[in-house]
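Structure record follows, encoded as structure tokens.
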Amino acid sequence: MVATPFTTESVCELDPLLELWVHDRGDPVTVVIAGQLDGATARHVRDVVAELHVAGHAHVEVDLSRIGFADGDGLAVLAAAMHGLDRAGRSMRLVRPSGPVQHVAERTGLDHAIR
């Protein structure tokens, strides 16, 4: 499921509501998400990030700028994955939130998880 460096194709074929691109330029690797971020689709993001860490990448940034819809469940899944990786000595940063992501993050108190 992990794409080659600088891929222009989606690496998530599991859900029609979500597209993921992996840009591997070394550490950090950037995962760009487009579409819908909810409890179900966020698990695909979590799985791709886990695969990147297994492949040896210690630092991953998840770019949230192309998210058109987000809910608290989706952000909670990502925040939990981020904290678990931090405890394991690895990192996942949530960056560049779209308007919908920022709005949900502020309403749910998860804005601390986004940098």
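Rule-based calculations on the coordinates, nothing more; no lab input. Given the structure is predicted, the values throughout are model-derived calculations rather than measurements. Ideal geometry is used to build each Cβ from the backbone, glycine not excepted, and the neighbour counts take in all protein chains shown.
Things to note:
- Among residues of the stretch 41-58 that are touching a residue at least 40 places away in the same chain (Cβ under 8 Å), those with a beta-carbon under 7 Å from a residue that is assigned to a helix (DSSP H, G or I) and not aromatic (F, W, Y) at least six positions away or on a different chain give the pairs V49/A81.
Yes/no matrix, rows are residues, columns are (1) crowded, with 19+ Cβ neighbours inside 10 Å; (2) farther than 23 Å from D15 by Cα; (3) not basic (K, R):
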{"residue": "I33", "(1), (2), (3)": "yes, no, yes"}
{"residue": "R66", "(1), (2), (3)": "no, no, no"}
{"residue": "D73", "(1), (2), (3)": "no, no, yes"}
{"residue": "A81", "(1), (2), (3)": "yes, no, yes"}
{"residue": "L85", "(1), (2), (3)": "yes, yes, yes"}
{"residue": "G109", "(1), (2), (3)": "no, yes, yes"}
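- Candidates V45, V32 - the one that is among the aliphatic types (A, V, I, L, M) and either part of a strand (DSSP E or B) or touching a Cys at 6+ places or on another chain (Cβ under 6 Å) (or both): V32
- Test: residue in the stretch 92-99 that is of a type in the set (V, I, T), crowded, with 21+ Cβ neighbours inside 10 Å, within 12 Å of the chain's Cα centre (by Cα) and within 19 Å of L18 (Cβ to Cβ): no
- Residues located in the stretch 70-106, provided they are under 16 Å from R43 (Cβ atoms), out of contact with any Lys or Arg (no Cβ under 7 Å at 6 or more places or on another chain) and not in a helix (DSSP H, G or I): A70, D71, M92
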